[in-house]
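Asks: The structure that follows is given in the form of structure tokens.
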Amino acid sequence: MVDSPEIHRALTWAMIALAIVTFIAVSRITAPYGRHEQANWGPRMPAKLGWIVMESPAVLLFAWIYFQGEHRFELVPLVLLGMWQFHYVQRTFVYPFRMRSEGKTMPVLVCALAFGFQLLNVYVNARWISAFGSYDASWLSDPRLWIGAALFLGGWLINVKADAILIALRKPGEQGYKIPRGWLYEYISCPNYLGEMLEWAGWAVATWSLPGLAFAMFTIANIGPRALVNHRWYRQTFPDYPEQRKAVIPYVL
Ligand SMILES: NC(=O)c1ccc[n+]([C@@H]2O[C@H](COP(=O)([O-])OP(=O)(O)OC[C@H]3O[C@@H](n4cnc5c(N)ncnc54)[C@H](OP(=O)(O)O)[C@@H]3O)[C@@H](O)[C@H]2O)c1
């Protein structure tokens, strides 16, 4: 690829700057999809298709960029590739087909912005693990890899189970919203977002890298404020919403 460590570092810092800008933006304007959809955001597309399109670079482009790197056949980069794809194959090619969002749409703009972000995110992270980063076999006995991987896997399990509970609230063909109950939902409104944030914090620890930190920061900046907005929305929408439930961190926030 025609790039350099300097270009890569500059784009990684750009992603950190984008995380800060995103935090400010989504704290003021809630992304208009799902329960917060609005009519005045331009042309629309089917929600399922939107999810597949906007997340697809994270599977396809990531694999392509990864296999351009000189470390592509080394064990630790392959483990990291496996972690990344474990999450994104589910998110891109399984989750959209499980959603009960028949007839729902999202603004093309939301899809385009997420797609554009993934191009940057994928370049920064894929290029790091197989080219500009350096993970020799000794990383396999470093606790940071295993603590990060455990956090990642734990977050993934929470995320997938939490999404599955939400999806199961609707019977096929239904479109409305209900109060989720049981398991982590007794403590927080958005365990799927908590799981997602743990996953990418785990990725940051396992890769012990600025690109990993950049994506963890972006995820927290993007869905942290949305968790607070979703929580407020539940309280306003359902008068009998459980009082003690927090937004995203049990007993705290
Ligand atoms: N890394 C990141 O920056 C990032 C950003 C955004 C999302 N994500 C991940 O992508 C996944 C989906 O995100 P999301 O924002 O769409 O999550 P969400 O608002 O919690 O919705 C998840 C699914 O459950 C349905 N649903 C939610 N609450 C419901 C309720 N009370 N009753 C019935 N159905 C309900 C939604 O339907 P509707 O679509 O019809 O509302 C949607 O199909 C999550 O796992 C999230 O962590 C990651």
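Asks: Output the residue which, of all residues in the range 217-253 that are of a type in the set (S, T, N, Q) and open to solvent by less than 30 Å² (accessible area, probe 1.4 Å), is farthest from W183 (Cα to Cα).
Replies: Per the stated criteria, the residue is T219.
So that you can scan it fast, the table gives a plain yes or no per residue for (1) modelled with pLDDT of 95 or more; (2) more than 30 Å from Y177 (Cβ to Cβ):
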{"position": "E102", "(1), (2)": "no, no"}
{"position": "M106", "(1), (2)": "yes, no"}
{"position": "G116", "(1), (2)": "yes, no"}
{"position": "N121", "(1), (2)": "yes, no"}
{"position": "V124", "(1), (2)": "yes, yes"}
{"position": "W128", "(1), (2)": "yes, yes"}
{"position": "L140", "(1), (2)": "yes, yes"}
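Asks: I would also like to ask the following. Going through L194, L198, L213 one at a time, which residue ends up being more than 13 Å from the ligand (Cβ to nearest atom) and either assigned to a helix (DSSP H, G or I) or within 21 Å of I147 (Cα to Cα) (or both)?
Replies: Unique residue meeting the criteria: L213.
Asks: Given the conditions (1) under 24 Å from Y234 (Cα atoms); (2) within 11 Å of the ligand (Cβ to nearest atom); (3) β-branched (V, I, T), and given that I29 satisfies all but one, which numbered condition is not satisfied?
Replies: Among (1) under 24 Å from Y234 (Cα atoms); (2) within 11 Å of the ligand (Cβ to nearest atom); (3) β-branched (V, I, T), the lone unmet condition for I29 is (2).
Asks: I've got another one for you. With respect to P107, is the statement that it is more than 27 Å from W208 (Cα to Cα) and under 16 Å from the mean Cα position of the chain (by Cα) true? Steps first, please.
Replies: Values: more than 27 Å from W208 (Cα to Cα): yes; under 16 Å from the mean Cα position of the chain (by Cα): no.
No, not satisfied.
Asks: Return the total of residues in the range 91-107 being part of a helix (DSSP H, G or I) and surrounded by fewer than 16 Cβ atoms within 10 Å (Cβ to Cβ). Full working, then the answer.
Replies: Of all residues in the range 91-107, those part of a helix (DSSP H, G or I) come to 91-93, 95-98.
Filter once more, keeping what is surrounded by fewer than 16 Cβ atoms within 10 Å (Cβ to Cβ): 93, 97-98.
Total meeting the criteria: 3.
Asks: When the range 117-137 is examined, which residues are found to be surrounded by fewer than 17 Cβ atoms within 10 Å (Cβ to Cβ) and touching a helix residue (DSSP H, G or I) at 6+ places or on another chain (Cβ under 9 Å)?
Replies: So in the range 117-137, the residues surrounded by fewer than 17 Cβ atoms within 10 Å (Cβ to Cβ) come out as 119, 134, 136-137.
Hits for the range 117-137 are L119, D136, A137.
Asks: Ok, one more. Being in contact (Cβ under 8 Å) with a residue 60 or more places away in the chain and either within 10 Å of the ligand (Cβ to nearest atom) or among the aliphatic types (A, V, I, L, M) (or both) is the filter here, so list the residues in the range 182-191 that pass it.
Replies: If the condition is that a residue be in contact (Cβ under 8 Å) with a residue 60 or more places away in the chain and either within 10 Å of the ligand (Cβ to nearest atom) or among the aliphatic types (A, V, I, L, M) (or both), then L184, Y185, I188 are the ones that fit.
Asks: Residues of the range 1-26 being farther than 13 Å from A221 by Cα and either open to solvent by less than 70 Å² (accessible area, probe 1.4 Å) or within 12 Å of the ligand (Cβ to nearest atom) (or both), which ones?
Replies: D3, S4, P5, H8, A10, L11, T12, A14
Asks: Can you tell me which of (1) touching a helix residue (DSSP H, G or I) at 6+ places or on another chain (Cβ under 6 Å); (2) aromatic (F, W, Y); (3) open to solvent by 40 Å² or more (accessible area, probe 1.4 Å) is the one F73 doesn't meet?
Replies: Status for F73: all satisfied but (1).
Asks: Out of the range 32-42, which residues are surrounded by 15 or more Cβ atoms within 10 Å (Cβ to Cβ) and either within 11 Å of the ligand (Cβ to nearest atom) or more than 18 Å from the chain's Cα centre (by Cα) (or both)?
Replies: So the first thing to find is which residues in the range 32-42 are surrounded by 15 or more Cβ atoms within 10 Å (Cβ to Cβ), and the list is 32-34, 37, 41.
Of everything in the range 32-42, those that are surrounded by 15 or more Cβ atoms within 10 Å (Cβ to Cβ) and either within 11 Å of the ligand (Cβ to nearest atom) or more than 18 Å from the chain's Cα centre (by Cα) (or both) turn out to be Y33, G34, E37, W41.
Asks: Got a number for residues in the range 114-172 being away from the ligand (no atom under 16 Å from the Cβ) and of a type in the set (V, I, T)?
Replies: 2
The values are calculated or read from the model by the stated rules, or taken from the named source; none is laboratory data. As the structure is a computational prediction, the values presented were derived from the model and not from experiment. In this analysis, Cβ positions are derived from the backbone assuming ideal geometry, glycine residues included, and neighbour counts consider all displayed protein chains. For accessibility, only protein heavy atoms count, side chains too; no ligands or nucleic acids. Shrake-Rupley method; radii C 1.70, N 1.55, O 1.52, S 1.80 Å.
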